[in-house]
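Here's the structure, in C-alpha cells; my notes come after.
The values are calculated or read from the model by the stated rules, or taken from the named source; none is laboratory data. Predicted model only: the values in this text are computed from it and were never measured. Because the Cβ atoms are built from the backbone with ideal geometry, glycine has one as well, and the counts that use them run over all protein chains shown. These accessible areas exclude ligands, DNA and RNA; they are computed on the full protein's heavy atoms, side chains included. Shrake-Rupley method; radii C 1.70, N 1.55, O 1.52, S 1.80 Å.
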Amino acid sequence: MIVIGLSSGTSADGIDVAAARFALDGDLVLLTPLGHRTEPYPGDLREEIRGALPPARTTMETVCRLDTRIGRAFTDAALRAVGELAGGRADLVASHGQTLFHWADGAAVHGTLQLGQPAWIAEATGLPVVSDLRAADVAAGGQGAPLASLLDALLLGARPEPTAALNLGGIANVTVLRGGQPPLAFDTGPGNALLDAAARRVSGGRADFDADGALARSGRPDPALLEHLLAEPYYRLPPPRTTGLELFGPGYLDAALRAAGTPDDADLMATLVELTAATVAEALRPHGVAEVLASGGGTRNPVLMERLAARLSPARLAAFDALGLDSDAKEAYLFALIGFLTWHGLPGSVPSCTGARRAPVAGRLTPGASPLRLPEPAPTVPARLRIEAPGEDVTDEDPTVPARLRVGARDR
C-alpha cells in the first residue's frame, strides 16, 4: 500500500511531504521510503498562519479561510507527491494539517486543533484521506503528543542499550527506549521556537532563523537571561507532558527580555541555543541513555548540535538518517505510517508516551472518488518496524482502494 504523508510544523515554513510503501508481516511493519520534499507555503499564507498563532487573537472568518487555504495548499503538495514521488499512483493520503492551537493546561490537554480541510485533498486526488490524527488520543486522556513516539518505539524498541530519539522542531520532543520497559516520550520545551522568534526580532522580520547558527556562534550566553529562562515551571512537570507556541511563543520571549534584560543580538541567540541544549540534556539525564538520534530542522544549526553534544556527553549524538529514514522527512513518514495503521484498524499512538488510557485508532476518514472499502482489521498489533531499501516498482495495487489516481487522468 502506498501512502502519502503530509505535515507542517509549528514554524509554519511549509509542507513536508513523503511517499512510502507499507506492508504488514505479522507484528512487523515494512516501510519503504519512496521520496520526500518540502513545499513552501505561499508567503501570504505563511504570514496569515503566523498571525493567527497564539497568543494572537483571531476570528472565525480567519479560521475558516485558513482551513480552506491550508487544505488547498496540502492538496497541491499531495498531487505533486503522487506524480513525482510515487510513480503516479497512491492508495491513501494521511494529512496532519497545521496545528493552530494545542489546549494544554499544566499536565492536562483538553483539545487540539489542526487546520487543512481534507475534503479538498480527497476531491482533487480521488484518494481517501486520514486526518485529525491527534484528537482520538486526547479524547482517551492523552496529550495527543508526541506522536513520533509510535515510529520511534517500533523502530528502536529492540535496541540493547537505552536510546533516545530527539526531534528538534519548533518544540523539542524525545522518545526514550529502555530495553524491555515501556517507552516514554514528552516535549522537553522549546527547540527552534524561541530561536526563530529571536531571529525575526533582531532582523526586523527579514530573517526567519539564524542561518548556520552564525549569529549564535559569535555570541556568549547571558547568565541572567539564561537563569530566568531555566526557571520556567514547565521543565519540572513530570512526563508525559506537552507544550507548544501557546507557552513558548514570541510573547514569552518578549516577557523574558523585559524581566531579565535584553543582551546584544549575538548573545541573545547564544543564550537561546544554550536553553534548548540544556533543557534537552537535563530532561534525558535521569534516563541514562547511551545514544541520542536527532532529527528535525534544529539539526541544521551546527552551533545547537555542538552544544547538545557537549551537554549530552557521555551519550553519543547522531543523526536519525543512519537508520535509513531521512531526518528532514521523519514526521511526514510518521503520519504516513499512522494513516496506514488507521486503514488497517490499528492504534496510532503509544499510551505510555502520551498518557492515554488506551491506544485508540487515530484520525477520521474522508472518502475519495469511490465509497470506502476498508480491509478487515489486522489481527496483530505491530511491535516492530523495518526500513526497506527503495525498489523500482511503486505500482502495487491495493484492492481495498478502487479509486486510484493516475496523474493527468482526471480533471482537478
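Below is a table of values for the structure above.
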{"item": "Rounded to the nearest 10 Å², the accessible area of TYR252 at probe 1.4 Å", "result": "40"}
{"item": "Largest-first ordering by accessible area, 1.4 Å probe, given options ARG236, ARG258", "result": "ARG258, ARG236"}
{"item": "Normalised contact order of the chain, rounded percent, pairs of Cα under 8 Å and 6 or more residues apart", "result": "25"}
{"item": "Accessible surface ranking that places the most exposed of ARG46, ARG285 first, with a 1.4 angstrom probe", "result": "ARG285, ARG46"}
{"item": "Computed accessible area, VAL303, all protein chains, 1.4 angstrom probe, square angstrom", "result": "10"}
{"item": "Charged-residue dipole, Cβ positions (Lys, Arg, Asp, Glu), segment 161-263 about Cα centre, Debye nearest 20", "result": "80"}
{"item": "Simple Cβ-charge dipole of the chain, Lys/Arg +1 and Asp/Glu -1, about Cα centre, in debye nearest 20", "result": "520"}
{"item": "Inter-label distance for ARG316 and ASP212, nm, one decimal - labels placed 7 Å from Cα along Cα-to-Cβ", "result": "2.8"}
{"item": "Inter-part distance where segment 112-175 and segment 257-282 are each reduced to a Cα centre, Å", "result": "29"}
{"item": "Residues ARG364 and ARG65, FRET efficiency given R0 of 25 Å [Cβ-Cβ distance, rounded to 0.05]", "result": "0.70"}
{"item": "For segment 73-83, Karplus couplings with θ = phi - 60° (6.51, -1.76, 1.60), whole Hz, Gly/Pro x", "result": "5, 5, 4, 4, 5, 5, 4, 5, 5, 4, x"}
{"item": "Dipole axis of the chain (+1 Lys, Arg; -1 Asp, Glu on Cβ), positive-most option in ALA145, PRO33, THR188", "result": "ALA145"}
{"item": "The chain - percent of accessible surface contributed by carbon and sulfur, probe 1.4 Å", "result": "52"}
{"item": "MRE, 222 nm, helices only [DSSP H, n ≥ 4, -39500 (n - 2.57), over the chain, to nearest 500]", "result": "-10000 deg cm²/dmol"}
{"item": "Ranking by accessible area, most exposed first, for GLU274, GLU161, GLU306 with a 1.4 Å probe", "result": "GLU306, GLU161, GLU274"}
{"item": "Shape box of segment 131-260 [Cα atoms, principal axes, largest first, Å]", "result": "46, 33, 29"}
{"item": "Solvent accessible area, Å² - GLU388, 1.4 Å probe, full protein context", "result": "60"}
{"item": "Spacing of the two label points (7 Å from each Cα toward its C-beta) at ASP105 and ARG386, in nm", "result": "4.7"}
{"item": "Mean separation of Cα contacts under 8 Å (6+ apart) over length of segment 57-123, as relative contact order %", "result": "42"}
{"item": "Size of electric dipole in segment 192-345: Cβ of Lys, Arg +1 and of Asp, Glu -1, about Cα centre, debye, nearest 20", "result": "260"}
{"item": "Förster-model FRET efficiency, 30 Å R0, LEU113 and ASP27, C-beta, rounded to 0.05", "result": "0.35"}
{"item": "Where the chain is the region considered: accessible area per residue in Å², 1.4 Å probe", "result": "40"}
{"item": "Residues with amide H under 5 Å from that of ALA94, placed H, sequence gap 5 or more", "result": "ILE4, GLY5, LEU6, VAL130"}
{"item": "Top positive-direction residue, dipole computed over segment 187-337 with Cβ charges, set VAL202, LEU226, LEU237", "result": "LEU237"}
{"item": "Inter-label distance, nm, simple model (7 Å from Cα along the C-beta direction), THR262/ARG200", "result": "1.6"}
{"item": "Top positive-direction residue, dipole computed over segment 335-394 with Cβ charges, set LEU372, SER352, ALA389", "result": "SER352"}
{"item": "GLU47/ALA255 FRET efficiency (R0 35 Å; Cβ-Cβ; nearest 0.05)", "result": "0.90"}
{"item": "Where the Cα pairs of the chain fall when distances are cut into 10 Å bins, in %", "result": "5, 23, 33, 26, 11, 2, 0"}
